[in-house]
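The values are calculated or read from the model by the stated rules, or taken from the named source; none is laboratory data. Note that this is a predicted model, so its numbers are computed, not measured. Note that each Cβ is placed from the backbone with ideal geometry, even for glycine, and that neighbours are counted across all protein chains shown. These area figures cover heavy atoms from the full protein model, side chains too; ligands, DNA and RNA do not enter into them. Shrake-Rupley method; radii C 1.70, N 1.55, O 1.52, S 1.80 Å.
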Amino acid sequence: MTPPTTGLPAENTTDNNDHLVQSDDPEHPANLIPSLCAKFWTLGWVTGTGGGASIRDGDLVYLAPSGVQKELMKPSDIYVLSLAAQAQSLSRRQRVYLRSPPVYKPSQCTPLFLAAFTKRNAGCCIHTHSHWAVLVTLILEQQGSKEFRINNIEQIKGFGKGFQKSGNLGYHDTLVIPVIENTAHEEDLTEFLEEAMDKYPDTYAVLVRRHGVYVWGDNVHKAKTQCESLDYLFQLAVEMKQLGLPWITDIEPTIPTRKD
C-alpha cells in the first residue's frame, strides 16, 4: 500500500487507494454511508450539505466529505483514514488519509467522529442538524440547563445502559443527554464533546446548542436506531413543552396481578 496522504486531491498522488471504496457489497462502509445519508436527507437531518456519518471497520475509518449534497453522495466521495496512523500524527488537526476523493474537502466533523471511535470503541457515529434537536437545545437554554432529561416514555428502551454495560434502558429509567455550546468552527467542538463523554460515561449522544446532535453506537444498526429514537424523543419533548407537560414524571410501576 502506498504511504498515507494528508487529504491531498487524488491527482496529486500516484495511487489514491480507490480500492478501499470499491465494493459490490451494499454493507460495505463506502456504500452504506451514501445510502444512510440519502435516507437522513429525507428526514431533514442533513439538509444543505450539513451533518454526516462515519463508519469504523477495524482500523479503517470511512467518512462523508464536507460540502457534498448528502442525498447525492457516491462511494467515490468517501474519505478513508487509519486510526493507527492518526494516533502517530504529531498534530490532532493533521489528519492522515489513506484515500481522498478527487473533489471536496475533509469534514470538520472528523475529529468528533474519531472521539467516538477512540473513547467509546464505536462502530458508527452520526451527526444530524435535526431541527427537533436544535429546538430542544433552545428550550434548555431558556431553562439554563445543559442536560436533556426524560423518563417514563417507551422509546427510551431504544438506548443501551452505557459503555461496556449490557442491556438497554427501561421504560421507567431516565435518559440523560448532555448539551455543549456551539463554536464558530465545528472542529473546535472536539474538546468539549470529549469532556462531555468523560462527564457522562454512559451517554451515546451529545447535543450541540443551536446546531444539532452527535450519536454513536457499537455498530451501524445501533447508531441508527439510537439516532432515530432520539429524534422521536426530541420531537415529543418539544410538543410536550407546547402542551405544558413535564419531561420528568413520577409514575408508579404497573405490576400485573396474574402470574400465569
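When residues in the stretch 99-108 are screened for being more than 14 Å from Ser54 (Cβ to Cβ) and surrounded by fewer than 21 Cβ atoms within 10 Å (Cβ to Cβ), 4 of them pass.
Residues that are among the acidic types (Asp, Glu), modelled with pLDDT of 95 or more and assigned to a loop (DSSP other than H, G, I, E, B) are absent from the stretch 71-94 altogether. Leu233 meets each of the listed conditions (1) within 17 Å of Cys109 (Cβ to Cβ); (2) open to solvent by less than 40 Å² (accessible area, probe 1.4 Å) apart from (1). For the stretch 204-225, a residue qualifies if it is open to solvent by 10 Å² or more (accessible area, probe 1.4 Å) and over 18 Å from Thr47 (Cα atoms), and the qualifying residues are Tyr204, Asp218, Asn219, Val220, His221, Lys222, Thr225. Here Arg93 passes the criteria (1) farther than 20 Å from Asn219 by Cβ; (2) among the charged types (D, E, K, R); (3) touching a Phe, Trp or Tyr at 6+ places or on another chain (Cβ under 7 Å) except the one numbered (3). Of the set (1) touching an Asp or Glu at 6+ places or on another chain (Cβ under 8 Å); (2) open to solvent by 10 Å² or more (accessible area, probe 1.4 Å), all apply to Gln155 but (1).
Residues checked against (1) of a type in the set (A, V, I, L, M); (2) open to solvent by less than 30 Å² (accessible area, probe 1.4 Å); (3) touching a residue at least 24 places away in the same chain (Cβ under 8 Å):
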residue	(1), (2), (3)
Thr110	no, yes, yes
Ala116	yes, yes, yes
Thr137	no, yes, yes
Gly167	no, no, no
His172	no, no, yes
Ile177	yes, yes, yes
Asn182	no, no, yes
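Would you confirm whether or not the stretch 31-52 contains a residue that is surrounded by 18 or more Cβ atoms within 10 Å (Cβ to Cβ) and in a strand (DSSP E or B)? Scanning the stretch 31-52, I find at least one residue that is surrounded by 18 or more Cβ atoms within 10 Å (Cβ to Cβ) and in a strand (DSSP E or B), so the answer is yes.
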